Amino acid sequence: MNNISIDQKLVDKLEEISDPGELMAELFRMFGRRAAIGTSGQWTGVALIDMVIRAGISTPRVYTVDTLRLFPETYDLFRELEKKYNINIEKAAPDFDAVSKMVRNHGEMIFFDSKAKQEYCCKIRKVNPNDKVLDTLDVWITGLRADQSNARSQIKRVDIVQHKQQDGKERPLLKVTPLIAWTEEKVMKYVRDNNVPIHKLLEMERDGWHYASLGCIICTTPISPHETRRAGRWRWFNHQLDDDHKECGLHLTDTKKSS
């Protein structure tokens, strides 16, 4: 465990670093392998990798949650990122027995049955593996942005949350979203200007239809020019849910604000 205190004094110090690359570099210098960038391969995640390497951290810890249902293009992107930046992207996979039990009890397409079962599937395939990674971290760097939904617009750039470990104990965790205030257009420009590898599906467009968000292969579809950006996630719930409630649970877990 790192001996650095995760407290408001640290948050205030980090908030003074305006450049996102330098902010991440300072975190990696302070916490080493107890800091990591979590990414699913979307615009902001790949930008973060490029930025921190340009800031002088040659081998930042980077991980992704491999639900075992990702698009083939997602795996292609991770290989391309690893080759370009000479890094290893850790793949956090779900527990085999837990997935087998879920499929045996509820079937392969559990997520079509109800919102509750969709969330259960996400918990087994995504949230639990992510929590295992968080057990090894003091700093969780994410690619969330304020323009992704109203709920995400409330997220702080540097925040202290309480992480509940697998042993049931809680401890403070620094959750950092370096590009929270960036627009998607600004991130896209950065990625293209710096020749950062791009997920092939994010570059696809046909008659205005395009991918604005990426997750599992069945639960993610393109959106039309007139839809909100998360309308393509779990599309069969669109008549029930707005963007704020279309989450896998990764950022709406037991993890809560520190008092």
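The values are calculated or read from the model by the stated rules, or taken from the named source; none is laboratory data. What you see is a predicted model; the values in this text were computed from it and never measured. Reconstructed Cβ throughout: ideal geometry from the backbone, glycine too, with neighbour counts over all protein chains shown. What goes into the accessible areas is simple: the full protein's heavy atoms, side chains included, and nothing from ligands, DNA or RNA. Shrake-Rupley method; radii C 1.70, N 1.55, O 1.52, S 1.80 Å.
Structure above, values below:
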{"item": "Criterion (buried (at least 19 other Cβ atoms within 10 Å of the Cβ), in contact with a Lys or Arg (Cβ under 7 Å, 6 or more places away or on another chain) and not small (Gly, Ala, Ser)) met by exactly one of 218, 180", "result": "180"}
{"item": "Subset of the range 41-94 [open to solvent by 10 Å² or more (accessible area, probe 1.4 Å), of a type outside the set (A, V, I, L, M, F, W, C) and within 22 Å of residue 22 (Cα to Cα)]", "result": "42, 54, 56, 58, 59, 61, 82, 84, 85, 86, 88"}
{"item": "Residues of the range 89-120 that turn out to be under 27 Å from residue 37 (Cβ atoms), in contact with a helix residue (DSSP H, G or I) (Cβ under 8 Å, 6 or more places away or on another chain) and without any contact (Cβ under 8 Å) to a residue 12 or more places away in the chain, as a count", "result": "0"}
{"item": "Strands (runs of 3 or more DSSP E) wholly inside the range 138-226 containing at least 2 residues that are over 30 Å from residue 79 (Cβ atoms)", "result": "158-164, 170-176"}
{"item": "Residue in the range 95-137 that is surrounded by the fewest Cβ atoms within 10 Å (Cβ to Cβ), counting only those that are acidic (Asp, Glu) and part of a loop (DSSP other than H, G, I, E, B)", "result": "108"}
{"item": "Condition broken by residue 207, with the remaining ones in (1) surrounded by fewer than 20 Cβ atoms within 10 Å (Cβ to Cβ); (2) under 17 Å from the mean Cα position of the chain (by Cα) satisfied", "result": "(2)"}
{"item": "Candidate set: the range 3-55, residues that are within 13 Å of the chain's Cα centre (by Cα), among the small types (Gly, Ala, Ser) and not in a loop (DSSP other than H, G, I, E, B); chosen: the one nearest to residue 130 (Cα to Cα)", "result": "38"}
{"item": "Enumeration of residues in the range 31-53 that are hydrophobic (A, V, I, L, M, F, W, C) and free of Cβ contacts under 8 Å to residues at least 60 places away in the same chain", "result": "52, 53"}
{"item": "Looking only at the range 7-32, and only at residues there that are open to solvent by 30 Å² or more (accessible area, probe 1.4 Å) and hydrophobic (A, V, I, L, M, F, W, C), the one that is farthest from residue 181 (Cα to Cα)", "result": "30"}
